[in-house]
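The values are calculated or read from the model by the stated rules, or taken from the named source; none is laboratory data. The model shown is predicted, which means the values in this text are computed figures rather than measured ones. Note that each Cβ is placed from the backbone with ideal geometry, even for glycine, and that neighbours are counted across all protein chains shown. We work out accessible area using only protein heavy atoms, side chains counted, and drop any ligands, DNA or RNA first. Shrake-Rupley method; radii C 1.70, N 1.55, O 1.52, S 1.80 Å.
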Amino acid sequence: MRVAIAGAGAVGRSIAGELLENGHEVLLVDKAPTAISVERVPQAEWLLADACEITSLDEAALQRCSVVIAATGDDKVNLVVSLLAKTEYGVPRVVARVNNPKNEWLFNEAWGVDVAVSTPRLMSALVEEAVSVGDLVRLLRFSHGDANLVELTLPPEAALAGTRVGDVEWPEDTSLVTIIRGTRVLTPSKDDVLEAGDELLFVAAQAREEQLEELLSVQRADAS
């Protein structure tokens, strides 16, 4: 898979390194000469250019990319790169970094963004995820379909503890994708039984989050 990353700062280089280790082709694009540090990620392609200009993106052959990642420290740049990647080059997957949480509402399908990653929001979500039991924590927002990746740790008194996955009437527009149980990562089947302390990961429509949280958090009748 060929991936272009706009922004060769610490974030862009880190992403590039991970993708290269997983066997992908990576192109790093940045307009600042000081950001071109080929020796730091020698396996990547490098391009000194402004990713907001069509001529630069032509040179980058963006039409051959399966994914474009807008990873600069400027939200305006990330939005422009996302829009050009999607509308001018038809890139199937566009991921954009959100630097200022106040701008998060802009990072949607209208701007060509498939997945918006807000570093401040993600950090706070991971803190909540580590300490919250019984509360729904939003980890990631997907622009298409207005869906989110959410997590909830099943509390000991939850009514669904001991229930088969296939017997649960899940809300519409929600999908249980993973159960994390201790050190195990389970792909849920209808015969898996939910246990207290399970970390449940869902892809859910935002409108269903409250309903999902209520379902998972409701206490058993015999709970004190």
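The table for this structure:
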read-out: Förster radius 25 Å - calculated FRET efficiency between LYS76 and GLU109 (Cβ-Cβ, nearest 0.05); value: 0.85
read-out: Relative contact order for the chain, counting Cα pairs under 8 Å that sit 6 or more residues apart, in percent; value: 13 percent
read-out: Calculated FRET value between VAL168 and GLU45, using beta carbons and R₀ = 41 Å, to 0.05; value: 0.30
read-out: Reported label for calculated Kirkwood radius over Cα pairs in Å given (1) 19.7; (2) 19.2; (3) 18.1; value: (2)
read-out: Karplus-derived 3J(HN,Hα), 6.51/-1.76/1.60, for each residue of the stretch 199-215, Hz, glycine and proline x; value: 8, 9, 10, 10, 9, 9, 5, 4, 5, 9, 4, 4, 5, 5, 4, 5, 4
read-out: DSSP-defined antiparallel bridges as percent of all bridges, the chain, nearest 5; value: 55 percent
read-out: Helix-only [θ]222 nm of the chain, DSSP H runs n ≥ 4, -39500 (n - 2.57) each, per residue, nearest 500; value: -7000 deg cm²/dmol
read-out: Net length gained if the chain between GLU157 and SER66 were fully extended (0.36 nm per residue, minus Cα distance); value: 28.3 nm
read-out: Under Karplus coefficients 6.51, -1.76 and 1.60, residue-wise ³J(HN,Hα) of the stretch 36-46 in Hz, glycine/proline x; value: 7, 10, 4, 5, 7, 9, x, 7, 7, 7, 10
read-out: Solvent-accessible heavy-atom area per residue, rounded to whole Å², over the chain at 1.4 Å; value: 52 Å²
